[in-house]
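A.B. asks: Just passing along the structure, written as structure tokens.
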Amino acid sequence: MDSVLKAIAADRAAALEELKAFLRIPSVSGDPARRGEVRRAATWVAEYLGRIGCRVEVVETPGHPIVYGEWTGAPGRPTLLMYGHYDVQPEDPVHEWTSPPFEPTIRDGAIYARGAADDKGQVFVHLKAAAAWLKAEGRLPLNLKFLIEGEEEVGSVNLEPFVVERAERLKADAVVISDTAMLAKGAPALCVGLRGIVYCQVDVQGPATDLHSGTFGGSVANPATVLCRILARLTDERGRVTIPGFYDEVRPLTAAEREAFAALPFDEKAYREALGVSALDGEAGFTTLERRWARPTFEVNGLLAGFTGVGSKTVLPARAMAKVSMRLVPDQDPEKIIEAFEATVRRLCPPSVTLRITRMHGSRPWLMPTDHPATQAAVRALTRGFGRPPVFIRSGGSIPIVTALTERLAAPILLIGFGLPDENAHAPDERLDLDNFHRGIETIAHLYAELT
Ligand code: BES
Ligand code: ZN
């Protein structure tokens, strides 16, 4: 292990330069114009895996390619499957970045770029840990498989069929994923639960064209107003979702779970201040961590309608659009929830407009037991990497493929995140703390040894 740690330490500067090259590729999976860039990121990962000694395959899908790599030189030893994603979220609003999103910049001990934390920087942690072992020892202490996709940020729609089809090839004794955050700086964490999600677009069409709001206003439905009313009626003043049946399958938190959440060193005031809000908000009767980790939500992600330019324009817009999502918790079923959502929106929509609902993606919530031996190996690895034992947390975000991996591979999943909650994933000035990046590499190098 000493030789591996030495190799990691000696490689610090070079690792950062390599990570920068990865981060320079604008692999925005949701943007059709970036298709070539997304592929370039896949190729970058594949070449890297090849260079460190893995057998690699770039698998085509109807969407973006899947990179699969493996090193199987430890017969009789356990097999670890690493999952991650090389795609990123759009960089907009681009003018709010301090340095350009695809020109990685180091300042204040962090590397700033889209994808730094979510998830390229964290994927690279694993590539570096494997590289260090292979360089220092000429081998890994276990068999290692890499599954790195380019569609996580758009719902992983083409990955599930691949996992189903290749379940035998992907077989592993444990799965490790670094695509979550620590509890706070200096507080390493193992994440044991994720929320699920359903995402859709709602279009309301009114008159055939925009109209003079004075000449016609009051006589035809205004799609912007109609849409806002529908959306506003989907939650109530107690922060509850009003869709009938929405909470039917929600598993209540047990007293022990609530106690465990409450015992975590979570600073509510610091959280509020970091977010720049005057007060926190959410479902009545639940704490902030409960609201984020174990309660479902309805969110408007974006709204588009009418005139939003400078000055004023009196116009009755012809159409309005919203992108909405619902975060789900055990045991809510995305299929049932989207049905209930559609039925409710249709019921609330007046006959004077045309409504179109487009389903985009969905994924199930996930919760893992904490008593598996692999979890204990992860606890030991994190303790070595960060000099402090991790806490068990959940995350409010979603990683769509996690439930399929759990079911198809029947293996425990270790969510070992090296991001920080305030590193602006999906937002301007996304970054990754460099100390956590380096400790992350050491942690994963330890994990390989601890799992054997
Ligand atoms: N890394 C996140 C998931 C995440 C977010 C984990 C916050 C823990 C805390 C992942 O890349 C992500 O953003 N997933 C999407 C999935 C969606 C597009 C299906 C999400 O949660 O919005
Ligand atoms: Zn993300």
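A.B. asks: Can you tell me which residue within the stretch 89-120, out of those that are away from ligand 2 (no atom under 15 Å from the Cβ) and crowded, with 24+ Cβ neighbours inside 10 Å, is nearest to residue 35 (Cα to Cα)?
C.D. replies: 104
A.B. asks: How many residues, within the stretch 68-100, are within 16 Å of ligand 1 (Cβ to nearest atom), part of a loop (DSSP other than H, G, I, E, B) and in contact with a strand residue (DSSP E or B) (Cβ under 9 Å, 6 or more places away or on another chain)?
C.D. replies: To start, the set of residues in the stretch 68-100 that are within 16 Å of ligand 1 (Cβ to nearest atom) comprises 82-92.
Next, from what is left, pick out any that are part of a loop (DSSP other than H, G, I, E, B): 86-87, 89-92.
Restricting the remaining residues to those that are in contact with a strand residue (DSSP E or B) (Cβ under 9 Å, 6 or more places away or on another chain) gives 86-87, 89-91.
Going through the stretch 68-100 one residue at a time, the tally reaches 5.
A.B. asks: Got a sec? Which of 208, 189, 221 is more than 19 Å from residue 295 (Cα to Cα) and within 24 Å of the chain's Cα centre (by Cα)?
C.D. replies: It is 189.
A.B. asks: What are the residues in the stretch 193-237 that are β-branched (Val, Ile, Thr) and open to solvent by less than 30 Å² (accessible area, probe 1.4 Å), if any?
C.D. replies: At the first step, the residues of the stretch 193-237 found to be β-branched (Val, Ile, Thr) are 197-198, 202, 204, 209, 215, 220, 225-226, 230, 235.
If the condition is that a residue be β-branched (Val, Ile, Thr) and open to solvent by less than 30 Å² (accessible area, probe 1.4 Å), then 197, 198, 202, 204, 226, 230 are the ones that fit.
A.B. asks: While we're looking at this one, here's another question. Taking the stated definitions as given, is residue 294 of a type in the set (Gly, Ala, Ser) and crowded, with 20+ Cβ neighbours inside 10 Å?
C.D. replies: Values: of a type in the set (Gly, Ala, Ser): yes; crowded, with 20+ Cβ neighbours inside 10 Å: yes.
In short, yes.
A.B. asks: A further question on this structure: Sort out which residues of the stretch 79-120 are within 20 Å of residue 157 (Cα to Cα) and of a type in the set (Lys, Arg), and write them in order of number.
C.D. replies: 120
A.B. asks: Here's a follow-up. Quick one: would you say residue 71 is of a type in the set (Phe, Trp, Tyr), under 17 Å from residue 28 (Cβ atoms), in contact (Cβ under 8 Å) with a residue 12 or more places away in the chain and open to solvent by 30 Å² or more (accessible area, probe 1.4 Å)? Give the derivation first.
C.D. replies: On the way: of a type in the set (Phe, Trp, Tyr): yes; under 17 Å from residue 28 (Cβ atoms): no; in contact (Cβ under 8 Å) with a residue 12 or more places away in the chain: yes; open to solvent by 30 Å² or more (accessible area, probe 1.4 Å): yes.
Considered against the rule, which asks whether it is of a type in the set (Phe, Trp, Tyr), under 17 Å from residue 28 (Cβ atoms), in contact (Cβ under 8 Å) with a residue 12 or more places away in the chain and open to solvent by 30 Å² or more (accessible area, probe 1.4 Å), residue 71 comes out as no.
A.B. asks: Okay, next question. Between residues in the stretch 384-405 that are within 30 Å of residue 162 (Cβ to Cβ) and residues that are among the aromatic types (Phe, Trp, Tyr), which pairs lie under 7 Å by C-beta distance while being six or more apart or on different chains?
C.D. replies: So the pair list comes out as 394/293; 395/293; 396/293; 401/83; 402/366; 403/366; 405/83.
A.B. asks: Is it the case that the stretch 43-62 has a residue that's in contact (Cβ under 8 Å) with a residue 40 or more places away in the chain, within 16 Å of ligand 2 (Cβ to nearest atom), surrounded by 15 or more Cβ atoms within 10 Å (Cβ to Cβ) and under 21 Å from the mean Cα position of the chain (by Cα)?
C.D. replies: no
A.B. asks: Are there any pairs with C-beta distances below 7 angstrom linking a residue in the stretch 360-378 that is closer than 19 Å to residue 408 by Cβ to a residue that is assigned to a strand (DSSP E or B) and more than 16 Å from ligand 1 (Cβ to nearest atom), with the two at least 6 apart or on different chains, and if so which?
C.D. replies: Qualifying pairs under 7 Å: 374/174.
A.B. asks: Pick out the one residue from 123, 163 that is open to solvent by less than 20 Å² (accessible area, probe 1.4 Å), within 13 Å of ligand 1 (Cβ to nearest atom) and assigned to a helix (DSSP H, G or I).
C.D. replies: Residue meeting the stated conditions: 123.
A.B. asks: Any residue in the stretch 399-408 that is more than 10 Å from ligand 1 (Cβ to nearest atom), surrounded by 19 or more Cβ atoms within 10 Å (Cβ to Cβ) and farther than 21 Å from residue 364 by Cα?
C.D. replies: no
A.B. asks: Considering only residues that are in a loop (DSSP other than H, G, I, E, B) and β-branched (Val, Ile, Thr), which ones fall in the stretch 20-67? Before you say what the answer is, go through the steps one by one.
C.D. replies: Step one: filter the stretch 20-67 for residues in a loop (DSSP other than H, G, I, E, B), giving 24-27, 29-31, 53-54, 60-65.
Residues satisfying the conditions are 25, 61.
The values are calculated or read from the model by the stated rules, or taken from the named source; none is laboratory data. All values derive from a computational prediction rather than experimental measurement. A quick note on method: Cβ atoms are made from the backbone with ideal geometry, for glycine too, and the neighbour counts reach across all protein chains shown. Accessible surface areas use protein heavy atoms only, side chains included; no ligands, DNA or RNA. Shrake-Rupley method; radii C 1.70, N 1.55, O 1.52, S 1.80 Å.
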